[in-house]
Amino acid sequence: MSRPIRFDLVTLFVGTTVWAALLAGMRLLGFPPRGYVGVSVYLISVGTSLVVFRKYNRPLSISISCGIVVVVLGELFLQLVQGTPARVPRLELVVCGAGYGTIAFFVFNGVQILSAWVRLLLNRKVG
């Protein structure tokens, strides 16, 4: 399931377009601004972890691990900010983080596949 990740102008364009479509969809669904920030920080952290650890050839495992870490740390940060007593993260946070990591993996995989298709269309000879 592992393939080399290409970072070129096409990938940047496709990723930006997908990101804009995601934020537009969130706006249409009535998400609050904190939702934009939360989803953006989450996707940036998972994407960064995929780039940093790309030599390990386990992108799904990396996405799931990063998802768990980000969700658990985010919950602990919210407990700290809200002043509630910090408690050990429950199992549902771990499951939620793993699910979010899997979704983020499929988003990034989709961007890579879509950019490969665009690259093929741009390199196609007409006539």
Which of the numbered conditions does Ser65 fail, given that it passes all the others? Conditions: (1) surrounded by fewer than 14 Cβ atoms within 10 Å (Cβ to Cβ); (2) among the polar types (S, T, N, Q); (3) within 25 Å of Gln112 (Cβ to Cβ).
(1)
In segment 1-38, what residues are at pLDDT 90 or above and loosely packed, with under 11 Cβ neighbours inside 10 Å?
Ala20, Ala21, Ala24, Gly25, Leu28, Leu29, Gly30, Pro32
For segment 39-57, which residues satisfy the criterion of being at pLDDT 85 or above, farther than 12 Å from Phe108 by Cβ and surrounded by fewer than 14 Cβ atoms within 10 Å (Cβ to Cβ)?
Val41, Val52
Given the criterion part of a helix (DSSP H, G or I) and loosely packed, with under 15 Cβ neighbours inside 10 Å, identify the matching residue among Thr84, Thr102.
Thr102
Quick one: would you say Gln79 is of a type outside the set (Lys, Arg), touching a residue at least 12 places away in the same chain (Cβ under 8 Å) and either surrounded by fewer than 16 Cβ atoms within 10 Å (Cβ to Cβ) or assigned to a helix (DSSP H, G or I) (or both)?
no
Does Phe13 count as more than 14 Å from the chain's Cα centre (by Cα) and touching a residue at least 60 places away in the same chain (Cβ under 8 Å)?
yes
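The values are calculated or read from the model by the stated rules, or taken from the named source; none is laboratory data. Every value quoted in this text rests on a predicted model; they were computed, and no experiment measured them. Neighbour counts run over all protein chains shown; Cβ positions are idealised from the backbone, glycine included.
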